[in-house]
Amino acid sequence: MYSDKVMDHFEHPRNVGEIENASGVGTVGNAKCGDIMRIYLDIDDATHMIRDCKFKTFGCGAAVATSSMATEMVKGKTIEEAMQVTNKAVMEALDGLPPVKVHCSLLAEEAIHAALWDYAEKHDIKIQGLEKPKSDISEHDEDEEY
Amino acid sequence: MYSDKVMDHFEHPRNVGEIENASGVGTVGNAKCGDIMRIYLDIDDATHMIRDCKFKTFGCGAAVATSSMATEMVKGKTIEEAMQVTNKAVMEALDGLPPVKVHCSLLAEEAIHAALWDYAEKHDIKIQGLEKPKSDISEHDEDEEY
Amino acid sequence: MKKVIYLDNAATTRVRPEVVEAMLPYFTEHYGNPSSVYDFSTPCKKAMAHTREVIAGSLGASENEIYFTNGGTEADNWALKAAAEAYASKGKHIITTQIEHHAVLHTGQYLEKLGYEVTYLPVDENGVVSVDALKKAVRPDTILISVMFANNEIGTIEPIREIGEVAKEHGILFHTDAVQAYCHEPINVDELHIDMLSASAHKFNGPKGVGFLYIRKGLKLRSFIHGGAQERKRRAGTENVPGIVGLGKAVELSLASMEENKKKETELRDHLIHRVMTEIPYVRLNGHPSQRLSNNANFSFQFIEGESLLIMLDMAGICGSSGSACTSGSLDPSHVLLAIGLPHEIAHGSLRLTLGEETTMEDIDYTVDQLKRIVERLRSMSPLYED
Amino acid sequence: MKKVIYLDNAATTRVRPEVVEAMLPYFTEHYGNPSSVYDFSTPCKKAMAHTREVIAGSLGASENEIYFTNGGTEADNWALKAAAEAYASKGKHIITTQIEHHAVLHTGQYLEKLGYEVTYLPVDENGVVSVDALKKAVRPDTILISVMFANNEIGTIEPIREIGEVAKEHGILFHTDAVQAYCHEPINVDELHIDMLSASAHKFNGPKGVGFLYIRKGLKLRSFIHGGAQERKRRAGTENVPGIVGLGKAVELSLASMEENKKKETELRDHLIHRVMTEIPYVRLNGHPSQRLSNNANFSFQFIEGESLLIMLDMAGICGSSGSACTSGSLDPSHVLLAIGLPHEIAHGSLRLTLGEETTMEDIDYTVDQLKRIVERLRSMSPLYED
Ligand SMILES: Cc1ncc(COP(=O)(O)O)c(C=O)c1O
Ligand SMILES: Cc1ncc(COP(=O)(O)O)c(C=O)c1O
Ligand code: FES
Ligand code: FES
């Protein structure tokens, strides 16, 4: 069902945990599957560099793996660069996800966006392309329905 | 499907053939299955004894076997005794028939009756219990229908 | 055990030992439920995907157009009932033929009870459906045409391409019951404009109890059997994994030897037909003389009745059939033989012999010799025969 | 291959080697079509008759009340759809429960689209259907009550006798989906007033792709699958002879060891439940504490999600399930767990472990040890868990 990359990130998730006094925290959930993801960011206020990134996830294997991969991908990047880390990019980095699991990667993208929004609000800045996070993430059903 | 007795009478049918100048000949058919049976009787006019009996059958295994058994059973009997040879008696003598094959034994009974009727008409006598033969024999369908 | 000459391969076939071999691990070793997430079920999923791929390849279809069923009958029921349901708003007229298998005919009759109108096209004396009659039968409210690829009793192969073209031209769904033809004749669903196709594994040396329905992508067909999310939510029920594996293996093996096998069968069959037609009087070959399945021969012997003939052949160790096996519960003469115009009493004296991959020339010669003896014997008992 | 501890016997089971052994001759040796007249098919007919006899004996039914199907799903579809059709003139109201398998639920929903009215009875926190609620739901136009014998997720055994009595009293047909219970619990259709009963061989160490529907004599149920005259004209399609043979053998073996097996399973299951409940915090046992299948344990672990749990168990070589296998295509939490009143996020963290005849005490202890470690690990990753 899952690629080896997904399984690897599920079995050995990177960046699990919390960051105390994080610069930004974002929590999003998907009402359909009931899963919840929380991302912590430690951001250098001067350079806008993401120094550290951690996550906690209540969710499926794909949710854990995408959290892990997404945190890896934004770490060391600037906020502007991190905005380019889309769910598609995360999925590609994981060698793909099954169709029913696409929303899990959206969850990761949105959790990062929510943490960035939190940071932006606290510092009263505007981040190009960032929208107010939705509390509920869900994409269109990719299944054919009969 | 068939009992050993039926198979024996099918494989080695008794009394196949015709009787030249028979005292009575009866032919009956079943419109549903399309089968046809003809019985020839040689009857002693004085004693009403059935001296000989032969058949020809276009029909299924049960039709052949009941013809064979029925001719055996009426041979050597008087007309009155032969009237007692019902399809049930023939079936019993054959150790039974499958439900869809009950009509085949009726064919045998009716063919004998038809031959007796022919004899009775030719000699202008009345045989107790004998009715004018039907040209088409069929019983009620024993199958449950859904 | 006495030697048996099995000439009833249209009724069912022997499962090839390689097929059984392929199935075996899926009973006791890879026995997981393919819907489960754990790794233990991976071999089951892979095996099912492989069968789907093999079948898709054989038809020029794609994998997600293949839906496993319990057999040909279920596939036929599904195709007709679901198409009727899905397109009822467009119309309630269905066209099929008088010579379909009961799986289609009885489903058609059921749909008539539900308010659908069904036209049963006649066939000519060789059992060929007239494309002209089909064209005349098409109406604006026609939603489905269902014509079998090849007939199970007389072996006639229908003009599927022309029928497909008529269907396509009028935007009508086209279903073909290919239970007798699949893996015996080459089939490409695109070239023939087929929208749905039924097949059954036990007709080509696969196991009983498994088959498939091909459903062209985009068709709005719903489930026929409701429940779990199997088969992309279209066919519920825990999958018969060993059966599906056996189906796949049987397709692979049959395809690999199809041309060769057809050639061999045709030769044997033609020898059979030639000997019977020249050595036995009052006999008729049923079905199209050339446009027929390579393994099928169907004769009518005048003045004798089919069941007696079968029993005597059986006593000689030869398995044949009269009408199709599935209808042997009935006493009526075959609807197919009546449709090609045979009178009742001749239809009754019919014999179908269908060859298989194991049939030999000796089998055929022995069978003809026995047949001659038996036909003669039964005619001597028949009140209809005067020599 | 790494050792696998298979604790998903409610999803499917390993086919017993004796069952495979019994099936084998029917692939390559006795491969005739049971509908054929020749002697070559006699072993097939006899074998089918034997299975029918064994099943009839197991239920206190008679042979001509047993109809072979492709599995539990088909049997459920048949029972509901055909009963609805047959008794529509009497009424269009059907009563079932919220915790049925999708094979019943989705068929119920389909019937609603056709204009039937379906009442889905609620259950209590243990998953038991209220007989009082049933009595209140009965109406003059109620034609069918369908309540499962035992639930596939939480193992609760329903008050079938009482339900049967209500049905009988009101002259309403009573169908029970006994797919999880048949060959695991003793069942007598007369004592329990059951009119129809569904079962599936692969749930008791028989092959996939075969099951049966018991239909009480006299019921006016028609075919669901139309075609040939098989199964006394009620279920068309060439019979899956090897499957039916395997079904019969599996019933025989299961019945012979049922009591012993139940005792063993109950012991192991109770040990499992005891250890989990005492050694892992924030856990709930789902289903009735005592009135449950002897092989079923179902837990909800707070703060963690089922799929992750399953994958980690899988990595440790343990096969379990979360919700039922056939619905794993879906992301929704189990309808059964919602029906017994669990909130979404707790329903999500559920795990079903179902034991089989091969399960040992070591398997159970290893599983609990792994479970402790995994639950702890997942909780440490969960945003919902604060310790
Ligand atoms: C043309 C045709 N259609 C359908 C069927 C039904 O297939 P099955 O018996 O496998 O369900 C058969 C054979 O029995 C057949 O010959
Ligand atoms: C209670 C219940 N009913 C019906 C079914 C369906 O049975 P099958 O998958 O054999 O069609 C199952 C199992 O999948 C079940 O557990
Ligand atoms: S299923 Fe919801 S996060 Fe994966
Ligand atoms: S079937 Fe008609 S005589 Fe036997």
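Obtain the radius of gyration and the Kirkwood radius of region C:1-145 from its C-alpha atoms and give Rg over Rh. Can you show the working numbers first?
Working: Rg = 20.5 Å, Rh = 19.0 Å.
Rg/Rh for region C:1-145 comes to 1.08.
Which value, to two decimals, describes the C-alpha radius of gyration of region D:253-387 once divided by 2.2 N^0.38 Å?
Numbers: Rg = 14.9 Å, N = 135, 2.2 N^0.38 = 14.2 Å.
Cα Rg divided by the expected 2.2 N^0.38 Å: 1.05.
Can you give me the span-like helices of chain B, meaning DSSP H runs with 18 Å or more of Cα extent along the axis and Kyte-Doolittle mean at or above 0.0? Present the calculation step by step, with values, prior to reporting the outcome.
Details: long enough: B:61-74 (20 Å, 0.89); B:102-123 (32 Å, 0.05).
Both cut-offs are met by B:61-74, B:102-123.
Towards the positive end of the charge dipole of chain C, with charges on Cβ (+1 Lys, Arg; -1 Asp, Glu), say which of C:Gly341, C:Pro34, C:Leu59 has the farthest Cα.
Working it through, the farthest residue towards the positive pole turns out to be C:Pro34.
Does anyone have the angle between helix C:361-380 and the longest principal axis of chain C? Alpha-carbon axes, 0 to 90°, nearest 10?
Once rounded, the angle reads 60 degrees.
At a 10 Å Cβ-Cβ cut-off, how would you order B:Asp118, D:Asp270, C:Asp195, fewest neighbours first? Could the numbers behind the result be given before it?
Numbers: B:Asp118 20, D:Asp270 12, C:Asp195 25.
Fewest to most other Cβ atoms nearby, the residues stand as D:Asp270, B:Asp118, C:Asp195.
Going through the cross-link list A:Lys101/C:Lys46; C:Lys92/D:Lys208; C:Lys208/D:Lys217; D:Lys90/D:Lys203, which pairs have a Cα-Cα distance over 26 Å in this structure? Before the final figure, lay out the partial values.
Values: A:Lys101/C:Lys46 20 Å; C:Lys92/D:Lys208 37 Å; C:Lys208/D:Lys217 28 Å; D:Lys90/D:Lys203 35 Å.
Too far apart for the 26 Å limit: C:Lys92/D:Lys208; C:Lys208/D:Lys217; D:Lys90/D:Lys203.
I'd like the orientation of helix D:241-279 relative to chain D: the angle between its Cα long axis and the longest Cα principal axis, in ° from 0 to 90, rounded to 10.
With rounding to tens, the tilt is 20 degrees.
I need the shape label for region D:207-275. Rule: rounded when a/c is under 1.5, else prolate if a/b > b/c, else oblate, with a, b, c from the alpha carbon gyration tensor.
Details: a/c = 3.12, a/b = 2.44, b/c = 1.28.
In terms of gyration-tensor shape, prolate.
Does region A:4-122 classify as rounded, prolate or oblate by the C-alpha gyration tensor (a ≥ b ≥ c root eigenvalues; a/c under 1.5 gives rounded; else a/b over b/c gives prolate, otherwise oblate)?
Because a/c hits 1.5 or more and a/b exceeds b/c, region A:4-122 counts as prolate.
With a ≥ b ≥ c taken as the square roots of the eigenvalues of the C-alpha gyration tensor of region C:245-313, please select rounded if a/c is under 1.5 and otherwise prolate if a/b is larger than b/c or oblate if it is not? Don't skip to the answer; put the middle values down first.
On the way: a/c = 3.09, a/b = 1.89, b/c = 1.64.
The shape class here is prolate.
Per-residue ellipticity at 222 nm for chain C, helices alone: DSSP H runs ≥ 4 residues times -39500 (n - 2.57), over residue total, nearest 500 deg cm²/dmol?
Value at 222 nm, helices only, nearest 500: -12500 deg cm²/dmol.
Over the Cα atoms of chain C, what radius of gyration and what Dmax do you get, in Å?
Gyration radius and largest Cα-Cα distance of chain C: 21.4, 75 Å.
So how strong a dipole does chain A carry about its Cα centre when Lys and Arg Cβ are +1 and Asp and Glu Cβ are -1, to the nearest 20 debye? Let's see the in-between values first.
Details: 15 positive and 28 negative charges, 74 e Å.
For this selection, approximately 360 debye.
Exposure proxy check: C:Thr367, C:Thr278, D:Thr73, C:Thr156 ranked by fewest other beta carbons within 10 Å? Walk me through the intermediate numbers first.
Details: C:Thr367 22, C:Thr278 9, D:Thr73 30, C:Thr156 26.
The order, fewest Cβ neighbours first, is C:Thr278, C:Thr367, C:Thr156, D:Thr73.
Just name one of A:Val25, A:Leu106, A:Val85: the one whose Cα is farthest towards the positive end of the charge dipole of region A:17-120 (beta-carbon charges, Lys/Arg +1, Asp/Glu -1).
A:Leu106
Per the Debye formula with a single identical scatterer at each Cα and no solvent contribution, what log10 I(q)/I(0) holds for region B:65-124 at q = 0.13 Å⁻¹?
For region B:65-124, the Cα-only Debye profile gives -0.32.
When DSSP beta bridges are limited to those with both residues in the protein assembly as shown, what percentage is antiparallel, rounded to the nearest 5? It would help to have the intermediate numbers written out before the result.
Working: 74 of 114 bridges.
DSSP beta bridges in the protein assembly as shown are roughly 65 percent antiparallel.
Pick out, in residue order, every one of the GluC sites (Glu not before Pro) in region D:336-387 that is DSSP loop and has at most 11 other C-beta atoms within 10 Å; say none if there are none. If you can, show how the numbers build up before the last one.
Details: sites: D:Glu345, D:Glu357, D:Glu358, D:Glu362, D:Glu376, D:Glu386; in loops: D:Glu357, D:Glu358, D:Glu386.
Answer by residue number: D:Glu386.
With only Lys, Arg, Asp and Glu charged, each at its Cβ (+1 for the first two, -1 for the last two), find how big the charge dipole of chain D is about the Cα centre; round to the nearest 20 debye. Provide the component values of the computation, followed by the final result.
Values: 39 positive and 51 negative charges, 223 e Å.
With Lys and Arg at +1 and Asp and Glu at -1, about 1080 debye.
Please give the helix D:160-169 orientation as an angle from the longest Cα principal axis of chain D, in degrees from 0 to 90, rounded to the nearest 10.
That helix lies at roughly 40 degrees to the long axis.
For the protein assembly as shown, what mean projected area does the convex hull of the alpha carbons give, in nm²? Could the numbers behind the result be given before it?
On the way: hull surface 188.6 nm².
So the mean shadow area of the Cα hull is 47.2 nm².
Can you give me the convex hull volume of the Cα atoms of region D:121-185, divided per residue and expressed in Å³? Walk me through the intermediate numbers first.
On the way: hull volume 5.2 nm³, N = 65.
That works out to 80 Å³ per residue.
Find the centroid of the Cα atoms in region B:1-47 and in region A:79-94, then give the distance between the two in whole Å.
Going from one Cα centre to the other spans 91 Å.
I need the semi-axes of the equivalent ellipsoid of region D:141-271: take the C-alpha gyration tensor, multiply each eigenvalue by 5, square-root it, list largest first in whole angstrom. Intermediate results must be reported in sequence, preceding the final value.
Numbers: eigenvalues 134, 103, 24 Å².
Equivalent-ellipsoid dimensions as semi-axes: 26, 23, 11 Å.
As a test of the formula, what do you get for chain A when each DSSP H run with n ≥ 4 contributes -39,500 (n - 2.57) and the sum is divided by the residue count, at 222 nm and rounded to the nearest 500 deg cm²/dmol? Write down the numbers at each step before the final one.
Details: 5 runs with 55 residues, N = 146.
Using -39500 (n - 2.57) per qualifying helix, the result is -11500 deg cm²/dmol.
Check cross-link reach from C:Lys3 to the aspartates and glutamates: straight Cα distance under 20 Å, and skip same-chain residues fewer than eight apart.
Answer for C:Lys3, where 20 Å is the Cα cut-off: B:Glu11, C:Asp314, C:Glu357, C:Glu358, C:Glu362, C:Asp363, C:Asp365, C:Asp369, D:Glu29, D:Asp39, listed by chain and number.
Quick check: the distance between the Cα centres of region D:1-62 and region D:135-179, to the nearest angstrom?
30
Inside 10 Å of the C-beta atoms of D:8-19, what's the mean count of C-beta atoms belonging to other chains? Before the final figure, lay out the partial values.
Details: counts 6, 0, 1, 8, 11, 2, 6, 6, 2, 2, 0, 2.
Counting Cβ atoms of other protein chains within 10 Å of each residue's Cβ and averaging gives 4.
None of the figures in this text is laboratory data; all of them are computed from the coordinates on show. It should be emphasised that the depicted structure is a prediction, and the values quoted were computed from it without experimental measurement. Cβ: placed from backbone, ideal geometry, glycine included. Neighbour counts: every protein chain shown.
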